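The block underneath contains the structure these notes are about, expressed in structure tokens.
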Amino acid sequence: MKKYGAEFFGTFWLVLGGCGSAVLAAAFPGLGIGFAGVALAFGLTVLTMAFAIGHISGCHLNPAVSFGLWAGGRFPGKELLPYIISQVLGAISAGAVLYVIASGQPGFSLSGGFASNGYGAHSPGGYSLLAALVCEVVMTAMFLIVILGATDKRAPQGLAPIAIGLCLTLIHLISIPVTNTSVNPARSTGVAVFAGGWALAQLWLFWVAPIAGGIIGAFIYRWIGATKD
């Protein structure tokens, strides 16, 4: 249960820190942090939690990462469901806290999407469903390659959280204009349940594409990272 608790609170921090920066700080008049600030915030949540709970649960914080680690031979299949449930509950709890905070401002409205992920008319840059699908699959695949490589026993020890956090930052810098960046079904769900409407209708993509990408990335790393006995 401690592992599941760690995943709950770790995912809570990721959604509160990342989506919270997007909702509360990205466009603040005169002092907004913009896309770059939001990207950095997501990276920092993973970096800090990797140091805090990596030794407890492995710090997945993401169903796509859990699936990828399973496909990469680093995680037992029997743990997938409880990990994913813990991650989604943590994300929704963070969404609830963020909603309470954000709604304390006069004129607050969910019409801006509440940091939800989307495509077509709901993509920040108006990108199509196909563009969003390809983007999420490729970005998540690359994320898993970095995760598996950085945590390989042959890699420099103790630096994996930095590499993984910076990778997530880079992913956001690339893909916020396309989908508002998911690469994480729990993160997408945590805010979509409050935004409702189109965010829930499009949520399927942000489960299917990241999980597919995570599995693809794991298979790629198993190939390029394989060693001869």
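The values are calculated or read from the model by the stated rules, or taken from the named source; none is laboratory data. Since this is a predicted model, take the numbers as computed values, not measurements. Quick reminder, even Gly has a Cβ in these numbers, built from the backbone with ideal geometry, and neighbours come from all protein chains shown. Note: accessible area is taken over every heavy atom of the protein model, side chains too, but ligands, DNA and RNA are not part of it. Shrake-Rupley method; radii C 1.70, N 1.55, O 1.52, S 1.80 Å.
Here are a few things to note about the model shown:
- Here the relative contact order of the chain, from alpha carbon pairs under 8 Å that lie six or more residues apart, stands at 31 percent.
- Charge-dipole axis of the chain as Lys and Arg at +1 and Asp and Glu at -1 on Cβ define it, positive-most pick from V46, Y221, G120: Y221
- Computed on segment 1-109, with alpha-carbon pairs under 8 angstrom and 6+ residues apart, the relative contact order is 41 percent.
- Helix 185-195 and the longest principal axis of the C-alpha atoms of the chain enclose an angle of approximately 10°.
- In nm, spacing of pseudo-spin labels at I56 and A121 (7 Å Cα→C-beta vector): 4.3 nm
- The dipole here belongs to the chain: it is taken about the Cα centre, uses +1 on the Cβ of Lys and Arg and -1 on the Cβ of Asp and Glu, and is about 400 debye.
- Candidates F219, F12, F67, ranked by Gaussian network fluctuation over the chain, Cα under 10 Å, top entry: F219
- With loop membership from DSSP and a limit of 13 other Cβ atoms within 10 Å, the longest segment of the chain without trypsin sites (Lys or Arg not before Pro) is 1-152.
- Result for the chain in a Gaussian network model with C-alpha springs under 10 Å: among A192, A131, A64, the largest mean-square fluctuation is at A131.
- Positive-pole candidate from F8, A94, A25, dipole of the chain, charges at beta carbon: F8
- Length available on full extension from S103 to Q157: 0.36 nm per residue minus the Cα-Cα distance, which gives 15.1 nm.
- Chain lengthening between S111 and W198 when straightened (0.36 nm per residue, less Cα-Cα): 30.3 nm
- In the full protein context, segment 116-180 carries 44 Å² of accessible surface per residue, based on a 1.4 Å probe and ignoring ligands, DNA and RNA.
- Gaussian network model of the chain, Cα within-10 Å springs - most flexible of L31, L44, L89: L31
- For segment 14-63, the relative contact order comes to 33 percent (Cα pairs under 8 Å, sequence separation of at least 6).
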